[in-house]
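Remarks on the structure that follows.
Every number in this text was worked out from the coordinates using simple rules, so none of it is lab data. Everything numeric in this text was worked out from a predicted model, so none of it was measured. All Cβ positions, even for glycine, are placed from backbone atoms using ideal geometry, and neighbour counts span all protein chains on display.
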Amino acid sequence: MTRPCIAYLLVAGLVVLSLRASSQTSDANNRYRLAQSYEQSGDFESAIKLYRDLASADPTNYMFFDGLRRSLLHLKRYDEAIGLIKSRLAQSPNDVNLLCMYGSAYYQSGNEKDAITAWERAIAIDPANQNIYRLVANTMMENRLLERAAEMYRRGRVACNDPNLFTMELAQLLAVTMDYAGATQEFLRYLSQAPGQLGYVQSRLAQFTDKQEARTAAIQVVRAAQKSSDDVNLHRLLGWLLLEGKQYDDAFEVYKEIDRFSNAQGNEIFSFAERAYKEGAYAAAAEAFKAAIDIPLAPQRLPFAKFGYALAMKELSVQADSSDVVPQSGSVPESRSRYATAIDYFRRIIAEYPNTDHAARSYYQIGTIQFTKYFDLDGALASFNAVEQFVPPMNTVLYDVFLKTGEVLTARGDTTAAAGRFRRVVAASNATPDQQDEATYRLAELEYFKGNFEEALRLLQTISANTKADYANDAIQLLTFLQENSISSAAPLKEFAQADLLSRQKKYSEATTALQKLIDKNPQALFVDDGLMKIASLQTSLRQYADALATYQRLLDQFKESSIALDKAQFNIAALYDYRLNEKTKALTAYEKLLADYPASLLVDQARKRIRELRGDSL
Amino acid sequence: MSMVRKISRAAVCVALMQFTLASLASSQAKVLIPMDLSQTDHLKAYGIAYWALTKGIEIDWLLNYRGGSFMIDNYEVVGAECRIRGVAFSPISSADAAQIYAEVQRDDNNMDVIRLEKAPKVAVYVPPGFQPWDDAVTLALEYAEIKYDKLWDDEVMADKLSEYDWLHLHHEDFTGQYGKFYASFAQASWYIEQQVTLEREAKKLGFRKVSELKKAVAKKIKAYIGSGGFLFAMCSATDSYDIALAAENTDICDVMYDGDPPDPNAQQKLDFSRTLAFTNFTLEKNPLRYEYSDIDQPPSDLLGMQNPETDYFTLFEFSAKFDPVPTMLTQNHVNVLKGFLGQTTNFKKSLIKSNVTIMAEKQGMDEVRYLHGNFGRGTFTFYGGHDPEDYQHAVGDPPTDLSLHKNSPGYRLILNNILFPAAKKKQQKT
């Protein structure tokens, strides 16, 4: 045979062998794909058969082995799966992945002891290898052994001599297992490694800090950490946690520390004060504003802090003022001193920052207190006028001042000047719709007081058309009253309106007398029931409770079923006994009478609630 | 534990005469709490009935009379309490009361009188802690001011159920698949926390898996019914409960629920002889589908196609004198009710056991809304849907304010069940 011929035969032989080997590989691949298809379709028996054949033919192939393992586990044939893994382990005794699978198969079979042994074997292969701890912990988590997984991470940390190892893994795991203290410790550990990640840590903690017990645990951990560290991040975290829990007093102490540590010159305290004020924690806000002022805060922020302090003091005074009886003109209110601190402070702001926005707002606040709390009309007017002196036109603060000034002028009887103020608000192109509605309503009231009922009705209709307006209800109420009475009793209605104005001017005794005379003179007028209701209300303001009770009773007796105010009168009787005279048994009886006599009243829900409170029911 | 008995017609007449005479003798007037459209607050009316029972005042439930009205002796406190709770009532004379009793007892009227004499002790099976959904029954109980205790796995496994007359199953999954919320809520903190809590509870009580604990709890509840308890379940507590009973000897939970795959032959291994209401159902094996089996109709993933405007179900009418129990459970002021969805909305009729009484269904469909059955000495009632006044109540939605639904016919069905165990046991007519 020639050399070329031999070479040819050799090449041909190699090609045949190669084709045969290729054909075998291709066949194995096809069978593997078929096994996978069986597995995916849930036909695990067929998959096992194919995987087993493939694995026998090629015991070293991991994919064949793993497919067989998975399918056996799917059919809960744990003993076979364990045997399979065991035989593979015999070839690779130090394969950590296999050991993890081995442990899992044991665990799923219900044999926790051997599962732990397998996982311990994996650790023992290289006890200082962090990846092995991670693998084993992950396997434990897959088997829902969360506490054991956490323990494995902790062990790894010690064994690898790295106290910062697995920080975030542990933090997340402990948060999931509701070990909030442990989770917080890990988040703090992370924060010490990455001090710029405070926001991230807060966001992670926020997963559980809405729960009281979790927040308490986190606070305790942060406080404990502070004992051994001056890290300002710890203070910030603690302050944030305390604010989340609305523990304003404690938070304030923390923010003072933060301010000191970070040399913030009161800015941190000021930010805290603003948040506390917005959230209605006025005492803490006042204290914090004061502290920021005393530091002192940078000059550009100082007026804001001072104004904030004065507002907080005013709100504290409002909270302490339980009296809802507005003093009559000229009388000395019992609570006059209650608002003194706030007023003094607003005056200091005016003196320190003259002709500024803060000064204007301070005047407005003082004027409002003088009018609504003291009924000091001259004082209030002086305050409001002062704003008008220096605030430029078109400033929206001015419209609030005009509205209040108009009310004060109305109370003084200067309705022409009052109307002028209200008209300026109505005409202002940049006044808010609410400001304009209020001004229109006040103008309608003035027309009513003057007896110009047609004009009053016209104005009221413009507001009541928009039922979403804040003043729509008031407008509809007055509108209905005027429509009912302006035709049949136009002349007496003018007297009624004048009495109403007296009442607005806090001339309660005069208003009462005028209304009583009017009712006596017009016993058949449609407004008699409204008049009696007003008289009773005035008598209540004058603390003539026995008279008020008698007036309400007169209304009930006289009108029986012909007034829409009967249920309100009965309710007011109950409320007088309840809140003014403190005669709870009589109050209970009166509320019950309301339910019995006026079951369709809108007030029955309130009456029912109050009866149950008085009875001590657990609602 | 009391049960209803039928009084023979003659006995009724004698009793009625004696009762009328006794009433006349004592000049005892009555208070009628109407339950028809004139009632201002149907739900609180049940609360009044329950309150009266707690005060030792017996009540007559006038089945099918003006929507299932209540008649109570006219104690002053009864009227006062009705007013305080906003429940409409009418004081009536002894003579008028006698006339009403006579009308109710007439042979040609499908009405009857059931005496309620003892306030049932009520328990609700509810997990401790926060749940991102509310429960129609606890809302109804609280609105009607009916006292109840909360029980959970510890108490059930410690045999505390025997202390109660009535048990309601909260929206609980007895299959151990955590409501099958995995696909939508696996990352939600409430879901993760719920799973960890339940796993701990299972381990604490000696079970390796939550599904195993739930099966044990389901068996305890079944034993409670068997010994005379009254079970009421809504929404997915109905089918998941029966599925758990059927799956006692197999594993139906996939790997994300219990760490190992389900038994591939789970369907074949279901034992329908163990269930209360359903049979021959097919499990939903897809762990990511929000559905347990084919019992639920329409399936949860087709709920979006439902039109609330055309979704109604109809209450069946039963013979008050011969079938007092389903009659009590279906007392209402309307007989066609608005539908409402739930994880389990309606039950496929063809999968309901033949010995179960169907009390309401979606007409023209193979869908049952409300069913009742007996097991041993007790009974069970299943009611599909989640919240009768919120058509599609989603996870995280705020609870329904029942003061806005005082006359809810759907909620009335729940409260009928509360009074049912209070009924005086009547002798069966022979």
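Over all distinct alpha-carbon pairs, what is the Kirkwood Rh of the range A:177-263 in angstrom?
12.8 Å
Can you give the log10 of the normalised intensity I(q)/I(0) at q = 0.05 Å⁻¹, computed with Debye over equal Cα scatterers of the protein assembly as shown?
-0.53
Taking loop as defined by DSSP and a crowding limit of 12 other beta carbons within 10 Å, which GluC sites (Glu not before Pro) in the range B:237-317 fit?
B:GLU309
Just the ratio, please: alpha-carbon radius of gyration of the range B:113-225 over 2.2 N^0.38 Å, N its number of residues.
1.17
Between A:LYS468 and A:ASN131, what FRET efficiency follows from the Cβ-Cβ distance if R0 is 51 Å, with the result rounded to 0.05?
So the FRET efficiency works out to roughly 0.20.
Over the Cα atoms of the range A:453-566, what is the Rg over Rh ratio if Rh follows Kirkwood?
0.98
From the C-alpha gyration tensor of the range B:302-430, pull out the three semi-axes of the equivalent ellipsoid (sqrt of 5λ each), sorted largest to smallest, in whole Å.
Output for the range B:302-430: semi-axes of 26, 18, 13 Å.
List the chymotrypsin sites (Phe, Trp or Tyr not before Pro) in the range B:261-318 that DSSP assigns to loop (not H, G, I, E or B) and whose Cβ has at most 15 other Cβ atoms within 10 Å. Which are they?
B:PHE316
Would you kindly state how much longer the chain becomes between A:ALA427 and A:GLU352 on full extension, computed as 0.36 nm times their sequence separation minus their alpha carbon distance, in nm to one decimal?
Here the segment from A:ALA427 to A:GLU352 would lengthen by 23.6 nm.
Placing unit charges on C-beta atoms (Lys and Arg positive, Asp and Glu negative, everything else neutral), compute the dipole magnitude of the range B:284-401 about its Cα centre in debye, rounded to 20.
600 debye
Taking the convex hull of the Cα atoms, report for the range B:84-141 its projected area averaged over all directions, in nm².
Mean shadow area of the hull around the Cα atoms is 7.7 nm².
Under 4 °C and 1.567 mPa s, how fast does the range A:68-118 diffuse according to Stokes-Einstein, given a Kirkwood radius computed over C-alpha pairs? Answer in µm²/s, whole number.
123 µm²/s
Which of B:GLN131, B:GLN187, B:GLN363 ends up with the largest GNM mean-square fluctuation for chain B, with Cα atoms connected below 10 Å?
Maximum fluctuation in the GNM of chain B, among the listed residues, is at B:GLN187.
Two-decimal Rg/Rh of the range A:384-511 from alpha-carbon positions, Kirkwood Rh?
0.99
About its Cα centre, what dipole magnitude does chain A give when the only charges are +1 on Lys and Arg Cβ and -1 on Asp and Glu Cβ, stated in debye to the nearest 20?
With Lys and Arg at +1 and Asp and Glu at -1, about 920 debye.
If I take the Cα coordinates of the range B:357-425 and project them onto the principal axes, what are the three extents in Å, biggest first?
Taking max minus min along each principal axis of the Cα atoms, the range B:357-425 gives 38, 32, 22 Å.
What does the average come to when, for each residue of peptide A:139-145, you count the partner chain Cβ atoms lying within 10 Å of its Cβ?
Average neighbour count from other chains, rounded to a whole number: 3.
Other chains near B:202-210: what is the mean number of their Cβ atoms within 10 Å of each residue's Cβ?
Neighbouring Cβ atoms belonging to other protein chains average 1 per residue here.
Can you give the relative contact order of chain A as a percent, counting alpha carbon pairs under 8 Å and 6+ residues apart?
RCO, chain A: 4 percent.
Calculate the tail of P(r) for the range A:183-342: the fraction of all Cα-Cα distances greater than 26 Å, expressed in %.
39 percent
Once the principal axes of the Cα atoms of the range A:496-615 are found, what is the range along each, listed largest first in whole angstroms?
Between the extreme Cα coordinates on each principal axis of the range A:496-615 lie 43, 28, 19 Å.
Please compute the average number of Cβ atoms from other chains found within 10 Å of each residue's Cβ in peptide B:255-265.
Taking the mean over all residues of the peptide, I get 5.
Compute the signed sum of charges (Lys and Arg +1, Asp and Glu -1) over the other residues within less than 11 Å, Cβ to Cβ, of A:LEU89.
+2
Of all the C-alpha pairs in chain A, what % are more than 35 Å from each other?
It works out to 66 percent of all Cα pairs.
Treating the angle as unsigned and between 0 and 90°, give the value, to the nearest 10°, between the Cα long axis of helix B:409-419 and the longest Cα principal axis of chain B.
80 degrees
Which of the trypsin sites (Lys or Arg not before Pro) found in the range A:85-130 are loop residues per DSSP with 11 or fewer other Cβ atoms within 10 Å of their Cβ?
none
What ranking of B:PHE375, A:PHE187 emerges when the number of other C-beta atoms within 10 Å of each C-beta is taken as an exposure proxy, fewest first?
Taking fewest neighbouring Cβ atoms as first place, the list is B:PHE375, A:PHE187.
Within chain A, which complete DSSP H helices have Cα atoms spanning at least 15 Å along the helix axis and a mean Kyte-Doolittle hydropathy of 0.5 or higher?
Flagged H segments are A:232-244, A:282-294, A:302-320, A:377-390, A:396-412.
Just to be sure I follow the definition: excluding the sites themselves, where is the longest run in chain A that has none of the GluC sites (Glu not before Pro) in a DSSP loop with at most 14 other Cβ atoms within 10 Å?
A:1-278
Taking the simple approach of a point 7 Å from Cα along Cα-to-Cβ for both A:ASP58 and A:GLU454, what is their distance in nm?
The answer from the label model is 10.5 nm.
With axes computed from alpha carbons, what is the tilt in degrees of helix B:94-105 against the longest principal axis of chain B, rounded to the nearest 10 within 0 to 90?
For B:94-105 against chain B, the angle is about 50 degrees.
Mind pulling up the Rg/Rh value for chain B? Radius of gyration and Kirkwood radius, both on Cα.
That ratio is 0.99, to two decimals.
Which angle between 0 and 90 degrees, to the nearest 10, do you get for helix B:42-54 versus the longest principal axis of chain B when only C-alpha atoms count?
Roughly 80 degrees between the two axes.
Would you work out the charge dipole size for the protein assembly as shown about its Cα centre, treating the Cβ of every Lys and Arg as +1 and the Cβ of every Asp and Glu as -1, and quote it to the nearest 20 debye?
1100 debye
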